[in-house]
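Bear in mind these aren't lab numbers, they're just calculated from the coordinates by the rules spelled out. Just so you know, these numbers come straight off a predicted model, no measurement behind them. Heads up, the Cβs are rebuilt from the backbone with ideal geometry, glycines too, and the neighbour counts pull from every protein chain shown.
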Amino acid sequence: MESFINEILRILTMVLRTFDEMKDDSARLYADNKGRLETRLRKLTELKENLTESEYKARETEIREMLAIIGHHTRLEDEILKAATLDHMTGLLGSNYIHQRMNSWYQESKDGLAILMWDIDRFKEVNSKVGYSYGDRVLSLIARTTKTRLEEALNGHKYLHLEIGRYGGEEFIAGLLHFKTDEKHLMEIGDYVRKGVDKLVLSKDPSVPDDVKKRTITIAGKIYETEDGSIFDLIKRHVGENLRIAKEANRRNSITIIPRGYFEAP
């Protein structure tokens, strides 16, 4: 049975090495090593079940110390994953990660995919009038509000999978995977999000100017079709471009849903 114990210790050492590797390049190595890690831990569990109590106690202290270290590394793994995927300011998926995920949206959701993108109206005025600290707070509040409103709007549609992230700056994007309804439904979802931000009071501090205590968002969206090209083509030629046009036309605090069958740039 000594061989079983040695095998346990060998696997524990390999698990710890895997965690250490994950610290070097968290996003890539997390994905690469996750399967290996789960396999090793499963094998460890199987091996422990083959040990008698006396055999386990012979090396109990050593094994327990290693398991404690692994427990610490498991918590570290959670922190690594969080840092690799989330935007620290808003709590949404970070810009780099959401861009990576966007490449996979259609492949994972061939039964239906909708995109919503929004921009905080006149956000630069917030930073210039009150400062970047208040601007960060505005970003965070609006991000949390849009996420909550999207989740509420999709409540009851259990087949839908939502991914929402910070696209860059004050721009945000959401992928509605397995979206099987129509433009009218997408419009209703987007408008519910818009209205939530419209009634949001960003600050009750009397020192904050009244004209920056509220902000609105402008939204554009489309149900994806293969003729749109890549997800990035869809955003560049349609969704993002419609956001820009709406703002230039002073149609802030509005929502535009681009109809299916429309593939030309506006």
Check your understanding: Which of the residues spanning the range 123-157 are surrounded by 15 or more Cβ atoms within 10 Å (Cβ to Cβ), out of contact with any helix residue (DSSP H, G or I) (no Cβ under 6 Å at 6 or more places or on another chain) and farther than 17 Å from Ile173 by Cα?
Key -> Tyr134, Arg137, His157
Review point. Going through the range 214-266 one residue at a time, which ones are polar (S, T, N, Q), part of a loop (DSSP other than H, G, I, E, B) and closer than 25 Å to Lys180 by Cα?
Key: Ser230, Ser254
Check your understanding: Do you know which residues across the range 106-164 are over 28 Å from Ile223 (Cβ atoms), of a type in the set (Lys, Arg) and assigned to a helix (DSSP H, G or I)?
Key -> Lys124, Lys129, Arg137
Revision key, fill the gap. Condition set surrounded by fewer than 16 Cβ atoms within 10 Å (Cβ to Cβ) and hydroxyl-bearing (Ser, Thr, Tyr), scope the range 186-215, selection nearest to the chain's Cα centre (by Cα): answer is Tyr192
